[in-house]
Structures are given as structure tokens and as C-alpha cells.
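Only the coordinates and a few stated rules stand behind these numbers; no lab work does. Everything quoted here is computed from the prediction, not taken from an experiment. Cβ placement follows ideal geometry from the backbone for every residue including glycine, while neighbour counts extend to all protein chains displayed.
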Amino acid sequence: MMRMEIALFLILVFVALIYFSAGRKNTMLHKTFSVLLIAMLVHLCFDAATIYTVNHLDTVPRLLNDILHRFFIGTMVLVVYLFYQYIAILTEEETGKPRHLDFGARIYLAVAELGVMILPVHYAVTERGNYSDGPHASICYVSMAFYLFFCVWLLLKNWTQIDRKKKFAIGAALAIEVCVSLLQAVNPTWLISGMGLTLMTMSFYLTLENPDILRAELTEQKMSMLYLKSQVNPHFLYNTLDTIRIQAQLNDDKPVADLLMRLVDFFRLSVKVDRQMVALDDELEMIEAYMDLMCYRYPELVCRYDIDPDLGGVLVPNFILQPIVENSLLHGLKNKGYRGEVRIVAQKSEQQKSCMEIQVIDTGSGFEGEKKTKVDQMLLHCDKQAPKLEGNSIGILNVQKRIKLLCGRECGLWYTENEAGGVTAHLLLKIEAVNTGLEGKRER
């Protein structure tokens with residue numbers, strides 16, 4: 001049996017080397033899995049040691065045997081608690097509901113660990129092998145039942161709101177552990193608890209934490225972004241060039257040169273696709289070029305900027321503002337003959353200190369009918385939406401997916417309606433790096 005524990009340990013060491021050497025998102029879910037992976041390696045060490053010592057009671061000192069068994073069961077309780085934590089955090093991310101069971105889970109963890117330290121250890125000696133039993137050993141079975149119940153409750157309660165792939169991963173992991181626990185209870189000399197916990201860990205790794213999955217998602221998002229950039233509205237390009245042509249026929253003056261320069265600036269900046277993240281300054285420079293051209297085409301259109309000067313160097317996902325601003329024009333101000341204002345605001349978030357919020361505020365016609373409800377649902381469940389290469393929602397869906405992927409699940413895009421009319425797009429982004437970038441505040 002000890003050879004099986006060693007094999008399981010080596011498998012998880014290999015998994016850990018791949019996992020920790022790959023780029024990972026710095027989220028609570030991934031931090032929890034990292035701790036779980038380390039705790040599992042420590043637990044398997046004590047598992048292998050106790051399998052040897054419990055079968056050599058005549059040669060191993062009783063005190064050493066007791067100490068190793070206490071650490072073995074103590075780390076097992078910690079591991080199953082971390083499994084619950086991982087599933088609870090994943091469920092919270094999927095549903096947006098707070099984790100109400102955490103307090104009870106932590107209280108039980110403290111009580112169980114205390115019991116592990118103070119309850120007497122007893123060993124059963126049989127012809128087929130030895131094992132620990134009695135109240136001390138019962139803690140691992142009670143803990144398993146306690147936390148598995150919590151996990152099953154979370155899964156069933158939120159069944160319809162959890163992504164299908166994630167439901168499968170959680171369900172498969174729980175089913176494996178239930179089967180292994182029952183086999184261990186019926187045949188205590190088998191000592192296969194480590195196999196069940198390892199299989200649970202592997203099911204989460206292979207389906208949810210594999211770095212290849214993250215790289216595939218990044219590739220998919222980059223391809224979507226490339227497609228989006230290649231499909232810059234041809235009508236916008238044609239109309240702008242036509243405006244420049246007419247102006248050139250009427251007068252050969254500086255405004256023509258300025259317009260042409262802004263158009264060149266826009267396309268120069270919009271084709272920078274080699275980086276996932278760019279400075280906010282670079283993103284705003286492209287928006288300024290775009291809006292300068294639009295304001296020249298539509299003289300009654302105004303664009304204003306209110307940017308915190310400390311945020312100029314903050315890294316943001318590339319090409320996230322242009323689709324939002326273009327939506328404000330095409331779905332809001334177009335219906336009013338492009339008469340009105342677009343205001344772009346970037347400030348540090350008051351609610352989340354490590355984040356900033358960018359707002360794109362327009363004075364357009366607002367949402368029609370049930371349109372806002374549909375947009376809200378699409379953005380809320382963006383991970384369940386298949387990548388789109390056509391349609392009106394490709395821009396904001398692409399933006400939402402890339403924000404979630406590159407900044408974390410707590411960040412994202414949402415819309416509110418303004419009391420005075422029009423719509424505000426809110427983008428919550430992590431403050432990754434800040435350099436002094438903007439001199440004062442922009443205003444057009």
C-alpha cells in the first residue's frame with residue numbers, strides 16, 4: 001500500500017511543477033487550489049509514513065506513531081475543508097451569491113483539529129493489516145461527511161446557474177470521494193483515503209485548473225480581438241475618407257491635414273495586437289483620435305474626458321474602449337442625429353481600492369424595450385456565450401470576456417441608464433501598474 005501513496009505523491013509533484021511553472025490568474029480560486037495542492041502533498045507524506053508505522057507497531061515507538069497519525073488525520077481534515085472552500089468560491093463566482101456556509105465550515109475545522117490533537121489514538125491489529133480506529137480516527141469520516149454534505153448542497157442548490165463543465169468536474173470529484181470513503185469504511189485495512197483525495201485533486205486540475213485551458217482561452221480571446229479589429233466599421237472608414245475628400249476639394253487647408261493625421265493615428269494604434277495589456281494612456285490616445293474624427297463629421301457631437309492623472313500608466317486589456325464608445329454612438333446618439341455628448345471618466349474605485357472604474361457616459365436615446373435586460377443577461381453569463389463573429393453584441397461580449405479573463409471574475413462591464421437620458425457603460429478593472437502618465441485632465 002505504501003507504494004501506491006508514493007506513486008500518488010509523485011503524480012501530484014509532477015502536476016504541481018506544471019501548475020506553478022505556468023502563468024496563472026491571481027484570483028482567490030487559483031490561490032485556494034495552490035494551497036490545496038501543497039496540502040495534498042504534505043498529507044500524502046504523512047499517509048505513506050503512517051501506513052508503514054501502523055504495520056510496524058512492534059518496532060516503531062508508540063509516541064512517534066501517535067504523532068504521525070495526528071498529523072495524518074489533521075492534514076486530511078484540512079484538505080477536505082480546502083475542497084469545500086474551492087467549490088464554494090467557484091460557486092460564488094458562477095452565481096454571485098455570498099458564501100453563507102463559510103462560518104460553520106471554519107468552526108468545524110477548528111473543533112475537528114482540536115479533537116485530532118487531544119483524543120487518544122487506538123490501533124486495530126488484524127491478519128490483513130493494521131489501522132487506526134476509535135474516536136480519533138472517526139474524525140476523518142465525520143469530517144468527510146460534513147464537508148461533502150456542504151459541497152453537495154452548494155452544487156444542487158445552484159445547479160442551474162453553474163457552467164456545465166464545472167458542474168461535471170464538481171460532481172465527478174464528489175462521486176469519486178463518496179465511493180472511496182465508503183470502500184474505506186467497509187474495508188478499513190485497504191487504507192485508500194489518499195487515492196480518493198488525489199483523484200478529487202486531479203479532477204479539478206484536469207477540468208478547471210489545467211494551464212493549457214487558460215492558454216486556449218487566451219488564444220480564443222486574442223483571435224476574437226484580431227477579428228474584431230479587422231472588422232472596423234467600413235462605413236466609418238468610407239464616410240470619414242469622403243469627408244476628407246470633400247474638404248480637400250473645397251479648401252486646401254490645415255484641417256484636412258489634421259483630419260488625415262488623426263485617421264492615420266487611429267489605424268496605427270488600432271492594429272497593435274501583439275500585447276494583451278496596454279497602458280490606459282495608449283487606449284485613450286486611440287479613442288481621442290477616433291472621437292476627433294467623429295466630432296468633425298458631426299459638428300454637434302461633443303466628447304469630454306475626466307481622467308485621473310495617476311492612472312495613465314495603469315495596464316488595461318487592449319482595445320476595450322473603442323467598441324464601448326462606438327456602441328454609444330451607433331445605439332444611442334445616432335437616433336438623435338449625433339447631437340449630444342460622450343463623456344469618458346476614469347477614476348479609482350471607491351468600493352474596491354485595488355481597482356479603477358472607467359465610465360463611458362452618453363446623452364443618447366437609451367435602451368429600447370427589453371434590450372437592457374438582454375444585454376445584462378449576456379454580460380452576466382458571458383462565459384456561457386459562444387464566441388461570436390457577427391452581430392451587434394460581438395464588441396461588448398468580447399470586451400467582457402477579456403476583462404474577466406485578464407483582470408479576474410470580480411471585474412467586468414455593466415450598463416446603467418442615466419436619469420437625464422442616455423446610458424453609462426461601467427468598466428471595473430484591476431490597477432496592475434501605475435505610472436504618472438497624464439498631465440492634467442482631458443477636455444474636448
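A crude spin-label estimate for the pair I38 and N26, with each label 7 Å from Cα along the Cβ direction, gives 1.6 nm.
Computed extension gain for Q347 through E285, at 0.36 nm per residue and net of the alpha carbon distance, reaches 20.6 nm. Site pair R164 and L57 shows an inter-label distance of 5.3 nm when each label is modelled 7 Å from Cα along Cα→Cβ. Excluding residues fewer than 8 places away in the same chain, name every one of the aspartates and glutamates whose C-alpha is closer than 17 Å to that of K157. Output for K157: E92, E93, E94, D102.
What is the calculated FRET efficiency for F103 to V142, with r their C-beta to C-beta distance and R₀ = 25 Å, to the nearest 0.05?
Details: r = 19 Å, r/R0 = 0.74.
After rounding, the FRET efficiency stands at 0.85.
Taking label positions 7 Å along the Cα-Cβ direction at both Q377 and E127, the computed distance is 6.6 nm, reported to one decimal.
Using alpha carbon coordinates only, what is the Rg to Rh ratio of segment 270-425, with Rh defined as the Kirkwood radius? Mind showing how you got there, number by number?
Working: Rg = 15.2 Å, Rh = 16.2 Å.
With Rh from the inverse mean 1/r over Cα pairs, Rg/Rh is 0.94.
When you count, for each residue, the other Cβ atoms within 10 Å and take the mean per peptide, how do 316-322, 343-349 rank with the highest first?
Numbers: 316-322: 24.0, 343-349: 19.0.
By packing density, highest mean first, the sequence is 316-322, 343-349.
Translational diffusion of segment 27-71, estimated by Stokes-Einstein from the Kirkwood radius over alpha carbon pairs at 37 °C in a medium of 0.692 mPa s, is 278 µm² per second. Each peptide in 327-335, 99-107 was scored by the mean count of other Cβ atoms within 10 Å over its residues; highest first, the order is 327-335, 99-107. Taken over the C-alpha atoms, segment 113-203 has Rg and Dmax values of 15.6, 50 angstrom. Okay, which of segment 169-208 sit inside 16 Å, backbone N to the point 7 Å along the Cα-Cβ direction of R3? Under cut-off, by backbone N: nothing. Pair-distance distribution of segment 14-101: all C-alpha pairs, bin width 10 Å, starting at 0; shares per bin in whole percent are 16, 34, 27, 16, 7, 1.
Reachable aspartates and glutamates from K430, Cα under 16 Å, same-chain residues fewer than 8 places away excluded? Straight-distance partners of K430: D281, E283, D308, D310, E350, E357, E410.
So if R0 is 35 Å, what FRET efficiency would D253 and D306 give, r being the distance between their Cβ atoms, rounded to the nearest 0.05? Present the calculation step by step, with values, prior to reporting the outcome.
Numbers: r = 32 Å, r/R0 = 0.91.
FRET efficiency, D253 to D306: 0.65.
In order along segment 340-352, the Karplus-derived 3J(HN,Hα) couplings, from 6.51 cos²θ - 1.76 cosθ + 1.60 at θ = phi - 60°, round to x, 9, 10, 10, 10, 10, 9, 9, 5, 6, 6, 7, 10 Hz, and Gly and Pro are given as x.
Applying a threshold of 24 Å to the alpha-carbon distances of K167/K348; K254/K334; K97/K165; K31/K167; K348/K374; K348/K401 flags K167/K348; K254/K334; K348/K374 as lying beyond it. Residue-wise HN-Hα couplings along segment 291-303, as the Karplus relation 6.51 cos²θ - 1.76 cosθ + 1.60 with θ = phi - 60° gives them from phi, are 6, 4, 5, 5, 5, 6, 5, 10, x, 8, 9, 10, 10 Hz; Gly and Pro carry x. Residues whose amide H comes within less than 5 Å of that of H122, counting only those at least five positions distant or on another chain, are D133, H136, A137 (H built at 1.01 Å from N in the peptide plane).
Report the local net charge at K348: Lys and Arg +1, Asp and Glu -1, summed over other residues whose C-beta lies under 11 Å from its C-beta. Present the calculation step by step, with values, prior to reporting the outcome.
On the way: positive: K353; negative: D308, D310, E350, E357.
Neighbourhood net charge equals -3.
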